[in-house]
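Worksheet: one structure, shown below.
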Amino acid sequence: MGRVLAGIGIVVNLFLPGIGTLIMGKWFSGIIQLGVLAVAWILSVASFGILRPFLLPISGVIWIWALAGGILTYIDRSNRPPLDRPRY
């Protein structure tokens, strides 16, 4: 089930960075991603677009971080042996 959640997390991170990370069970990273993204969006709207050239790259970095983290989590969970098989 870990790979399935990681795959769903990757797709969700494409649209809402941080939410997919939370779905994958990475609470700390997900909360940080959501928090920074929310602050960037709020500041962008509150400044009437004046700060947008500075905040847009921050949003891009958060999006890339969330997507890369999701892909690495999927790869990590793909390489683990299934839980129902005994390890020798």
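Observations on the structure shown:
- CD proxy at 222 nm, helix term only [per DSSP H run n ≥ 4: -39500 (n - 2.57); per residue of the chain; nearest 500]: -25500 deg cm²/dmol
- Rounded tilt (10° steps) of 2-15 against the dominant C-alpha axis of the chain: 10 degrees
- Helix 52-79 axis, angle to the chain major axis (alpha carbon atoms, nearest 10°): 0 degrees
- Cβ crowding within 10 Å averaged over residues, with 7-17, 50-60 ranked highest first: 7-17, 50-60
- Computed over the chain with a Gaussian network model linking Cα atoms closer than 10 Å, the most mobile of 68, 46, 38 is 46.
- The GNM of the chain, with springs linking C-alpha atoms under 10 angstrom apart, assigns the highest mean-square fluctuation among 70, 18, 49 to 49.
- Computed over the chain, relative contact order equals 34 percent, with contacts defined as Cα pairs under 8 Å that lie 6+ residues apart.
- For the chain, Kirkwood radius (reciprocal of mean inverse C-alpha pair distance, Å): 13.9 Å
- Helix 27-46 vs. the chain, principal-axis angle (Cα, 0 to 90°, nearest 10): 20 degrees
Rule-based calculations on the coordinates, nothing more; no lab input. All of these numbers come straight from a predicted model, not from anything done at the bench. Positions of Cβ are generated from backbone atoms using ideal geometry, with glycine treated the same way; all protein chains shown enter the neighbour counts.
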